[in-house]
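The values are calculated or read from the model by the stated rules, or taken from the named source; none is laboratory data. Note that the structure is predicted; figures quoted are calculated from it, not measured. Quick reminder, even Gly has a Cβ in these numbers, built from the backbone with ideal geometry, and neighbours come from all protein chains shown.
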């Protein structure tokens with residue numbers, strides 16, 4: 001098991017290398033450079049040359065990339081090209097905000113989606129189910145920014161209950177959290193429903209009933225006991241998805257998270273910062289997936305068996 | 001030598017079962033599925049809108065008019081006038097061409113590339129599989145929106161580049177499901193049989209493996225359609241999409257954002273169109289999934 | 001002129017001590033109501049089983065055997081399935097009239113079932129010991145530890161080392177999984193055991209082992225067994241009585257000797273005729289021509305008529321009645337209305353089995 005975890009973590013290294021190269025190269029190739037914003041009509045040729053030298057723009061891409069990787073290998077994400085502030089600092093201070101949002105979305109979303117999905121599965125084909133399916137389908141079809149704006153319109157402008165965004169206190173947190181939660185809910189409900197449906201049609205429920213196990217226990221222990229495994233992984237992976245999509249939500253609500261910071265960095269052509277932030281986001285994304293996979297192994301004995309020492313697996317004689 | 005009683009002597013006229021080809025069965029299943037039908041109807045309407053949009057002149061859509069600034073919705077301006085006096089309704093109709101083409105083309109790119117790579121990975125296995133899956137994993141590790149933003153920044157803002165950016169980010173999922181599908185089918189006996197009679201690898205892939213592994217691909221394609229439209233709209237919303245005067249729906253919502261208090265119609269309607277379009281594809285996707293999944297058949 | 005009496009009036013042959021009737025099915029009718037059609041799965045089945053007896057219910061796939069068995073536990077999947085009429089008495093009480101609570105009491109305790117596919121019948125996230133113990137816990141007033149101990153005993157009984165009680169189903173082979181399923185079914189010593197093709201998913205050598213084990217258990221525990229199978233060899237090995245099912249009806253019913261030595265129904269004849277004869281390897285196999293009828297469109301009369309070489313014009317439309325061949329043997333065939341009618345066996349009197 002430990003070997004597996006180590007293997008996955010080690011796998012991060014080539015991923016980081018590839019990602020950094022891709023992002024770095026792409027950003028570098030993009031038209032325009034970091035110094036464009038700093039040059040005006042008045043800048044002299046010498047100043048321009050000095051700026052170019054400062055950012056190594058006179059050297060080939062490989063040189064700049066090499067320098068970056070050299071620093072990266074030492075764990076240094078470098079300084080923002082624009083503001084000369086530490087990329088790491090900026091990321092780390094804003095990461096909790098994004099994580100907070102994603103976690104809140106997770107809690108809100110799951111609290112509603114799981115019961116709703118289970119209910120829909122149990123009444124499959126009837127009105128409850130159709131209503132739920134329609135609702136989730138609509139939720140899945142809404143672009144996040146539109147939902148966000150609609151929520152702002154309703155709750156912030158018309159009703160005035162909460163501020164439209166920013167980061168002043170808890171009330172500013174509510175709307176973005178609810179928005180993320182609603183989006184997450186749509187997908188989670190569907191997944192819960194289909195996992196539950198699959199389990200409800202399985203033979204071992206029939207076996208349990210034939211044993212005389214009371215129906216309530218059949219649903220709770222046998223059905224849910226199996227259904228919650230894929231549900232858990234959906235929740236875990238939707239955490240990853242909301243992390244990835246945070247850019248949009250954070251932009252609309254002016255929430256100071258890493259998504260928004262990355263967008264700003266890209267717009268400013270800040271290669272170092274963009275690279276650093278995307279690398280960090282990628283690392284977190286991959287780690288999250290690892291945690292989800294490990295969770296899966298933890299709760300499902302069949303998967304666990306695949307990861308534990310092969311020597312222990314007995315050859316079951318027929 | 002005892003005689004086996006001739007079957008036709010003892011069995012009466014066999015009831016003629018209406019035989020349907022597999023395609024016919026799928027079509028029949030879809031027709032019976034209400035959500036799929038609803039989806040198809042909406043798509044048909046959208047196509048009509050698209051055709052209608054071809055008659056609208058680009059100039060009409062971008063011409064500014066101070067008199068019509070923030071005009072409230074009425075008969076001539078059903079969605080109102082925006083901050084530059086342009087007719088939002090016309091802009092939205094015109095904009096359908098962007099979203100629909102991006103959705104379709106980007107999904108097509110993801111599908112073609114993803115299926116191709118996934119089939120190779122699944123069929124050949126070994127080193128080929130490793131390389132392709134690793135590359136796909138790296139691509140999948142980067143949060144989609146961020147990658148899209150970077151690609152657009154490099155290539156510049158344009159419709160084609162948006163299609164490429166969205167298409168590229170959608171590749172990994174197709175690689176994964178195609179590979180899984182191929183792996184399952186590869187081990188089935190009819191594939192072994194084909195190889196046994198000497199069919200080349202490529203032929204086996206295209207004539208045996210793919211047609212049977214097609215259903216998860218089709219289902220993923222329809223959901224990819226919807227997803228592509230949303231991602232493209234999101235990128236446009238953030239400013240990475242189709243360049244500004246062009247009325248892509250995401251751009252329209254972004255433009256209307258600043259006037260949300262005074263003229264909420266500016267951002268509401270284009271966003272509604274996005275939702276309806278994606279909903280249509282999702283409905284169709286759901287219907288297809290039900291139709292194609294033999295397990296769900298009663 | 002043959003007497004026409006219904007099944008349940010037949011008196012069983014004088015037997016030894018245990019004359020208690022543990023399972024009594026009377027005129028059971030089970031239909032599955034689908035969107036456009038109704039599947040008539042079981043159409044008037046009656047049978048009786050005494051303590052310690054084993055009845056083999058033979059028939060092809062789709063004959064309604066499983067539906068009948070599920071009905072005994074009142075576990076016919078209820079949205080499409082409907083028990084239209086009939087009664088099923090388990091140890092004297094009518095199962096079809098019981099409340100859910102009462103049913104939960106007798107399931108697993110008085111009557112148990114072994115399902116067909118062992119691969120999917122076990123809960124993948126529970127240990128096998130826990131799954132057996134669960135049955136015990138719900139029916140007997142014991143502590144968790146005691147229940148688990150009993151589970152271990154059951155495992156030993158079916159030939160699985162009790163140390164494996166803490167393992168999960170996926171760690172067992174198909175044959176062992178089926179044994180676990182049997183252990184679960186027998187954990188509370190049921191009076192009636194329904195075994196739905198318990199060995200079909202297993203290979204021949206394992207089949208023999210499992211059947212031997214079941215016979216032993218039957219002897220030891222005195223369980224009445226309903227053995228549902230399509231395999232006549234299995235029937236010959238373990239059964240005292242035989243019921244041949246076709247299209248939801250029992251077309252022939254009798255003791256093992258009755259049915260195997262002097263089969264009366266054309267379908268039964270066909271079944272034996274299609275068995276390879278080890279003594280006459282050159283003889284051709286004679287299959288029964290045609291296919292099972294569409295269960296949504298069954299005739300009023302005999303459903304076997306299209307495939308029957310003795311069929312006459314009246315067979316299809318005439319309402320059928322059971323004909324008595326002997327005290328223990330009945331057959332459902334319109335042609336036996338005619339005096340002196342008998343099928344001529346294709347393979348002579350003695351059949352292998």
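Of note:
- For segment C:54-80, filtered to residues that are modelled with pLDDT of 90 or more and under 22 Å from residue C:328 (Cα atoms), the residue that is nearest to the chain's Cα centre (by Cα) is C:57.
- Only one entry of A:188, A:180, A:171 meets the criterion of being more than 10 Å from every other protein chain (Cβ to nearest Cβ) and without any contact (Cβ under 8 Å) to a residue 40 or more places away in the chain, and that entry is A:171.
- Here segment A:200-218 is the region considered, the condition is being under 26 Å from residue B:286 (Cβ atoms) and free of Cβ contacts under 8 Å to residues at least 40 places away in the same chain, and the residue that is nearest to the other protein chains (Cβ to nearest Cβ) is A:202.
- Segment A:227-318 holds helices (runs of 4 or more DSSP H) entirely within its bounds, and those carrying 2 or more residues that are within 20 Å of residue A:1 (Cα to Cα) and modelled with pLDDT of 80 or more map to A:271-299.
- In segment C:293-315, the residues that are touching a helix residue (DSSP H, G or I) at 6+ places or on another chain (Cβ under 9 Å) and either under 14 Å from residue C:44 (Cβ atoms) or surrounded by fewer than 17 Cβ atoms within 10 Å (Cβ to Cβ) (or both): C:299, C:301, C:302, C:309, C:312, C:314
- Unmet requirement for residue C:250, which otherwise passes all of (1) closer than 16 Å to residue C:342 by Cα; (2) at pLDDT 85 or above: (1)
Listed here are the residues, each with its yes/no results for (1) touching a residue at least 24 places away in the same chain (Cβ under 8 Å); (2) buried (at least 22 other Cβ atoms within 10 Å of the Cβ); (3) within 18 Å of residue A:207 (Cα to Cα).
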site: C:151; (1), (2), (3): yes, yes, yes
site: C:157; (1), (2), (3): yes, no, no
site: C:177; (1), (2), (3): yes, yes, yes
site: C:204; (1), (2), (3): no, no, no
site: C:241; (1), (2), (3): yes, yes, no
site: C:248; (1), (2), (3): yes, yes, no
site: C:255; (1), (2), (3): yes, no, no
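- The condition of being free of Cβ contacts under 8 Å to residues at least 24 places away in the same chain and either in contact with a helix residue (DSSP H, G or I) (Cβ under 6 Å, 6 or more places away or on another chain) or more than 8 Å from chain B (Cβ to nearest Cβ) (or both) holds for only one of A:234, A:282, A:262, A:274, that being A:262.
- Yes/no for residue A:224 being more than 14 Å from chain B (Cβ to nearest Cβ), surrounded by fewer than 19 Cβ atoms within 10 Å (Cβ to Cβ) and either in contact with a strand residue (DSSP E or B) (Cβ under 8 Å, 6 or more places away or on another chain) or within 14 Å of residue A:121 (Cβ to Cβ) (or both): yes
- Selection count, segment B:240-257, where residues are away from chain A (no Cβ under 11 Å) and assigned to a loop (DSSP other than H, G, I, E, B): 8
- Entirely in segment C:55-158, the helices (runs of 4 or more DSSP H) that have 3 or more residues that are within 14 Å of chain A (Cβ to nearest Cβ) and either under 21 Å from residue C:249 (Cα atoms) or in contact with a strand residue (DSSP E or B) (Cβ under 8 Å, 6 or more places away or on another chain) (or both): C:65-72
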